[in-house]
Amino acid sequence: MVSQIDTVAKRAKLPTAKKPVWERLAPGVFLGYRKSPEARKWLVRYHDPDAPKGASNPYKMQVFANADDAHIDEEAFSFKRASVEALKLAEAASVPSAVGALPLTVRRAVEEYIALRNARDRKNKGRVDIRSDADTRLSRNVLSDVDLCDTKLRDTTRERLLNWLDNLPLSAATRKRLAGDFKAALRLAGDNYTKSLPATWKAEISSALTVKNDEPNSRDIQVLADDQIKAALRAAKEVDEAGNWDGDLYRLMVALASTGMRFSQAARINRKGAFRQQRMDRVNGAEVTDHVIMVPASRKGRGGKTELATKRIVAAADYDILTSGLDADPDGPLLQRWKNEETSPTVWKRGDRAAWYHASEITRPWDQIVKRAGLPDHTVPYAFRHSSIVRQLQSGLSVTLVAALHDTSPAMIQKHYARFITDVSDGIVAATTLSVAE
């Protein structure tokens, strides 16, 4: 049967009526279109699995979206997207025929991946209102592209993806992060629906979405000298005081600078993970006290990672700063900050203490720190991590030890910090050189 509602042109020819025009999507599942003087709406009707046998009306019906011929500012669905949403609603209602009837489209793959990433971030951060970075990037740049999203997965070719990438008005770094998220979403769909896709499909999309950063490696210009780090921390203290952070911002910056950990790791340090330990100095036999911060394992990469914290020894003065917070709960996070609560539109008040949960919280104060400290404008908080790695390499620590202390791999250290490794190696070799000339 020829559809009456699958295009805007066909729907424009339909008369205004109270009763919807229905189209069958699956046994017992129908998509409806209602054209009234006020609106253009999509509806779904499906057989109610819980309806009593012999019921006069065993169907459920609901309006769920505006049609894209409604000419309104609110979000409107095309026929293809409305069909997918209608099947989703029927599947959620446990209609047997709807299970497996959803078309495998780019939109479906991206939405399933976003749901997975959001669930993971919410579990990790203990909050139900968290959106992952992948959600933000993919919603803005992929789900907004209706033509791309309505494309079936098996019809999503390397050429189609390359064309999409070429037309993104984004910086090289942002384009690379977005392509990585998109690739992960499509590869997950490839794993989940292997039987429905060509054998070479995953390899093709991986090739198309593997973006190389053509910009020069910026890690070397993000390494700060010791006096620059101290200037940054002095500035952090001033910004903290000016912004009434009660020391919370300053403590976070000290944590990042003294250990080289990532923001996400600093946010998860437990108060019990800060302690003093006694040990015997092997050189002089004296008993010494170490000030320890147990840095939680990062959550980068795919599953299978052992969740073991890394022991980092910090200076006594830094330790005292890190443990000087206002929080009394011995089982709570070491680093917290005041949480602002909106009491009415544009009116906020100081709420309870809470853990840091997203790096964007320090974007504005960091800009102020960079300006006050006289650092290059491009400096980012991650510069503390780069600097910590380089400092230990230049002190002669092995690549393997430096990698372990920073919860990364020796391969990553060698890839990104090779120049510093070479500089140190040259110094060690020069120091052991013996003159054999008489």
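The values are calculated or read from the model by the stated rules, or taken from the named source; none is laboratory data. Because the structure is predicted, anything quoted here is derived from the model rather than measured. Don't worry about glycine lacking a Cβ; one is built from the backbone with ideal geometry, like all the others, and counts go over all protein chains shown. Heads up: the accessible areas ignore ligands, DNA and RNA and are worked out on the full protein's heavy atoms, side chains in. Shrake-Rupley method; radii C 1.70, N 1.55, O 1.52, S 1.80 Å.
Might you let me know whether the range 337-360 holds any residue that is of a type in the set (Ser, Thr, Tyr), free of Cβ contacts under 8 Å to residues at least 12 places away in the same chain and surrounded by 11 or more Cβ atoms within 10 Å (Cβ to Cβ)? Among the residues of the range 337-360, not one is of a type in the set (Ser, Thr, Tyr), free of Cβ contacts under 8 Å to residues at least 12 places away in the same chain and surrounded by 11 or more Cβ atoms within 10 Å (Cβ to Cβ), which makes the answer no.
Which ones in the range 191-201 are without any contact (Cβ under 8 Å) to a residue 24 or more places away in the chain and open to solvent by less than 60 Å² (accessible area, probe 1.4 Å)? Selection gives nothing. Residue 49 falls short of the stated requirement of being over 12 Å from residue 86 (Cβ atoms) and either open to solvent by 70 Å² or more (accessible area, probe 1.4 Å) or part of a strand (DSSP E or B) (or both). Within the range 144-186, track down each residue that is within 17 Å of the chain's Cα centre (by Cα) and under 19 Å from residue 115 (Cβ atoms). Residues satisfying the conditions are 178, 180, 181, 182, 183, 184, 185, 186. Taken over the range 248-287, the criterion of being in a loop (DSSP other than H, G, I, E, B) and either at pLDDT 95 or above or surrounded by 18 or more Cβ atoms within 10 Å (Cβ to Cβ) (or both) is satisfied by 260, 261, 262, 267, 268, 269. The residue of the range 109-137 that is nearest to the chain's Cα centre (by Cα), among those that are within 23 Å of residue 86 (Cβ to Cβ) and buried (at least 19 other Cβ atoms within 10 Å of the Cβ), is 114. Residue pairs whose Cβ atoms lie under 6 Å apart, sitting 6 or more positions apart in sequence or on different chains, and linking a residue in the range 396-417 that is more than 20 Å from residue 313 (Cα to Cα) to a partner that is in a loop (DSSP other than H, G, I, E, B) and open to solvent by 40 Å² or more (accessible area, probe 1.4 Å), are 416/219. Within the range 203-220, residues that are over 17 Å from residue 417 (Cα atoms) and among the hydroxyl-bearing types (Ser, Thr, Tyr) sit with their Cβ atoms under 7 Å from residues that are open to solvent by 60 Å² or more (accessible area, probe 1.4 Å) and modelled with pLDDT of 50 or more, at 6+ positions apart or across chains, in these pairs: 206/187; 207/158.
Among the residues of the range 73-92, those identified as of a type outside the set (Lys, Arg), farther than 15 Å from residue 34 by Cβ and part of a helix (DSSP H, G or I) are 83, 84, 85, 87, 89, 90, 91, 92. Take residue 70 and tell me if it is in a loop (DSSP other than H, G, I, E, B) and hydrophobic (A, V, I, L, M, F, W, C). For residue 70, the condition - in a loop (DSSP other than H, G, I, E, B) and hydrophobic (A, V, I, L, M, F, W, C) - is met.
Take the conditions (1) surrounded by fewer than 19 Cβ atoms within 10 Å (Cβ to Cβ); (2) outside any loop (DSSP other than H, G, I, E, B); (3) in contact with a strand residue (DSSP E or B) (Cβ under 6 Å, 6 or more places away or on another chain); (4) not basic (Lys, Arg); residue 4 misses just one of them, which is (2).
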